[in-house]
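To start, the structure under review is shown below, and the notes come after it.
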Amino acid sequence: MRPRFALLALLALLAVVTTAWAQAPRAARPAAPVLVKVGRLIDGRSDAPQAGVGILIDGDRIKAVGPLAQVQGQAQGARVIDLSQMAVLPGLIDTHTHLLLQGDPTAESYNEQLLYESTPYRAILAARNARIALEHGFTAIRDLETEGAMYADVDVKRAVDRGEIPGPRIFAATRAMAPTGMYPIVSDNWELELPHGVQPVDGVEGARLAVRQQVAHGADWIKFYADRRYYFTPDSVLHSWVNFTDDEARAIVDEAHRLGRKVAAHAIGSDGIAAALRAGVNTIEHGDGMTDSLLDVLLAKGVYWVPTVTVAYYVAGPRGGAWAPMVEHQHRAFTRGVKKGVRIVLGTDVGGFPWTEINQAKEFEYYVQYGMTPMQAIKSGTSLAAELLGQRDLGVVAAGAYADLVAVAGDPMKDVSELSRVRFVMKGGVTYVSP
C-alpha cells in the first residue's frame with residue numbers, strides 16, 4: 001500500500017474508533033451541586049446515628065454535612081435527592097476480593113477456570129463482578145490477586161477509573177506470590193507446564209524482583225501466601241506448613257515497603273500467621289488459626305486482621321477435612337479478638353464464593369453473630385477499612401471526603417442484614433442505584 005493511502009486508511013480507522021469511544025456509555029459527572037436529605041446518618045466515625053441531616057455534594061466530593069436546615073442554606077440551585085425515609089452510610093468497602101475468580105470450593109473448580117477460561121474471558125466476567133460489587137453498595141474493594149490472570153485486575157481498575165465500565169474503586173494486588181510447587185496448579189506429571197495461580201518466587205533476590213515487577217505493572221498492594229496444608233493437633237491448635245523462609249518473606253515485605261506498598265499475607269494456620277507477623281506484614285488474611293498470643297502480637301504491631309468468614313462457611317463442606325472445624329475455631333478467635341480490641345476489618349474473599357450467589361454484605365451479619373455490635377461491624381467495612389487502605393477520603397461521610405454513599409430502607413443498627421438490601425448507591429457524586 002502506498003504511504004499516502006496507508007495514512008488515509010489509518011486516519012479513517014482512527015475516526016471510527018474515536019467516534020465509537022465518544023459514543024460509549026460512561027457515568028456522567030453531575031453538573032450541579034446535589035443536596036441529599038437524610039433520615040438517619042451513620043457517618044462511619046460517630047458511635048450513634050444522627051437524624052435530620054443534609055449532605056451537600058459538589059462534583060465528586062462532599063462539601064458540607066450537618067443539620068438539614070443549615071446545609072440547605074448553602075445549597076442554592078442544588079438538585080435534591082430525598083433519602084429522608086432511609087438510613088444513609090458511607091459506601092461500603094470489601095478489603096478481600098478476587099474479581100477474576102468465580103468460586104473455588106474444590107480444586108477441580110479452580111483448575112477448570114485456569115485451564116479452560118482465557119484471561120480475556122475472565123476479564124469480561126471481572127467487569128461484570130465489578131458492577132455487581134458496586135450495585136451491592138461496595139464503592140471500594142481491595143482485590144487480592146488474579147489467580148493466574150496476570151495483571152488483568154489492573155486493566156479492570158483502569159476501565160473503571162476511566163469511566164468505561166461501572167465499578168468500585170479498586171486497589172489491586174496483581175499476582176500474589178508463593179514458592180515453586182507450593183500453590184496450584186501442581187501436577188504429578190512433570191512433562192506438563194501448567195498455569196500458575198500465583199507468581200512463583202524463590203530466594204531473597206527473586207522475592208525483591210517479584211515485588212518490583214508487580215509494582216511496575218500497577219500493583220497497589222503486595223500479597224504472598226505464608227502457608228498451606230492445615231491440620232489440628234490434639235491441643236486444638238490449627239497448624240500449617242510455612243511456605244517462605246523468614247529471609248524470603250522479610251525480603252518481600254522490606255522491598256514492598258521501600259517502594260511504598262503495603263503487604264497482605266494469606267495466613268490460615270498458627271504457624272503461617274506467626275511467620276507473616278515476623279516478616280512485618282500489614283494485614284493477616286483469613287487467620288483461622290489465630291491464638292491469644294498471636295492476637296496480642298497483632299495488637300502490639302498494629303496489624304489488621306481480615307477474617308473472610310463468608311468464604312469459610314462456603315468452602316467448609318466441599319473441602320472437608322480440617323476445613324469444617326476451622327470455622328468454629330475462627331469464630332472463637334474472632335470473639336476473643338473483638339474483646340481484646342484487635343483491628344478486625346471486613347473482607348469476604350468473594351470470588352472464593354461466586355459473585356452471583358452470595359451478597360458480600362453477608363459478612364456484616366457474621367461479625368455481629370461473632371460478637372461485634374452493629375456499629376462495630378459497620379465501621380469494619382467503612383472507616384476502619386479505609387484506614388487499612390490508607391485512604392482518608394473513603395469510608396466516612398464528612399466534608400472533603402469522596403461522595404460515596406449508600407442507603408437502606410430499614411435500620412441496620414437493629415438488623416445489620418439491611419446492608420444486603422441497599423436501595424441507593426452513589427460513588428463520586430454519581431448515582432448508580434436509585435430507590
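Of note:
- Qualifying residue in segment 244-261 (condition: of a type outside the set (Gly, Ala, Ser) and either closer than 21 Å to Tyr110 by Cα or at pLDDT below 95 (or both)): no
- For segment 133-148, taking the residues that are more than 12 Å from the chain's Cα centre (by Cα) and crowded, with 20+ Cβ neighbours inside 10 Å, the one that is farthest from Thr310 (Cα to Cα) is identified as Gly148.
- Unique match (being touching a residue at least 24 places away in the same chain (Cβ under 8 Å) and either under 16 Å from Pro412 (Cβ atoms) or surrounded by fewer than 13 Cβ atoms within 10 Å (Cβ to Cβ) (or both)) among Arg40, Arg61: Arg40
- Test: Arg208 is farther than 27 Å from Glu108 by Cβ, surrounded by fewer than 18 Cβ atoms within 10 Å (Cβ to Cβ), basic (Lys, Arg) and touching a residue at least 40 places away in the same chain (Cβ under 8 Å): no
- Segment 208-225, residues that are in contact with an Asp or Glu (Cβ under 6 Å, 6 or more places away or on another chain) and either within 19 Å of Lys157 (Cα to Cα) or not assigned by TED's automatic domain parsing to the domain that holds Phe171 (or both): Lys223
- Among the residues making up segment 271-296, those that are farther than 24 Å from Val368 by Cα and in contact with a Lys or Arg (Cβ under 9 Å, 6 or more places away or on another chain) are Gly272, Leu277, Arg278, Ala279, Gly280, Val281, Asn282.
- Listed conditions (1) touching a helix residue (DSSP H, G or I) at 6+ places or on another chain (Cβ under 7 Å); (2) among the basic types (Lys, Arg); (3) free of Cβ contacts under 8 Å to residues at least 24 places away in the same chain are all met by Lys362, apart from (3).
- As for segment 265-285, it holds no residue that is out of contact with any Asp or Glu (no Cβ under 9 Å at 6 or more places or on another chain), surrounded by 24 or more Cβ atoms within 10 Å (Cβ to Cβ), of a type in the set (Val, Ile, Thr) and in a helix (DSSP H, G or I).
- Scan of segment 172-183 for residues that are within 22 Å of the chain's Cα centre (by Cα) and either over 21 Å from Asp143 (Cβ atoms) or surrounded by fewer than 24 Cβ atoms within 10 Å (Cβ to Cβ) (or both), ordered by number: Tyr183
- Residue within segment 344-359 that is part of a helix (DSSP H, G or I) and within 21 Å of the chain's Cα centre (by Cα) present: no
- Residues of segment 79-106 satisfying the condition of being surrounded by fewer than 21 Cβ atoms within 10 Å (Cβ to Cβ) and either in contact with a helix residue (DSSP H, G or I) (Cβ under 7 Å, 6 or more places away or on another chain) or at pLDDT below 95 (or both): Pro105, Thr106
- Contact map, segment 184-201: residues that are assigned by TED's automatic domain parsing to the domain that holds Asn111 and surrounded by 14 or more Cβ atoms within 10 Å (Cβ to Cβ) paired with residues that are among the small types (Gly, Ala, Ser) and at pLDDT 95 or above, Cβ distance under 6 Å, separation 6+ or inter-chain. Pairs shown: Pro184/Gly197; Pro195/Gly148; Gly197/Gly148; Val198/Ala176; Val198/Ala178; Gln199/Ala210; Val201/Ala207; Val201/Ala210.
- Matching entry among Tyr110, Tyr116 (being among the aromatic types (Phe, Trp, Tyr), farther than 17 Å from Leu405 by Cα and either touching a helix residue (DSSP H, G or I) at 6+ places or on another chain (Cβ under 7 Å) or without any contact (Cβ under 8 Å) to a residue 24 or more places away in the chain (or both)): Tyr116
The values are calculated or read from the model by the stated rules, or taken from the named source; none is laboratory data. Keep in mind that what you see is a predicted model, and the values were worked out from it rather than measured. Quick reminder, even Gly has a Cβ in these numbers, built from the backbone with ideal geometry, and neighbours come from all protein chains shown.
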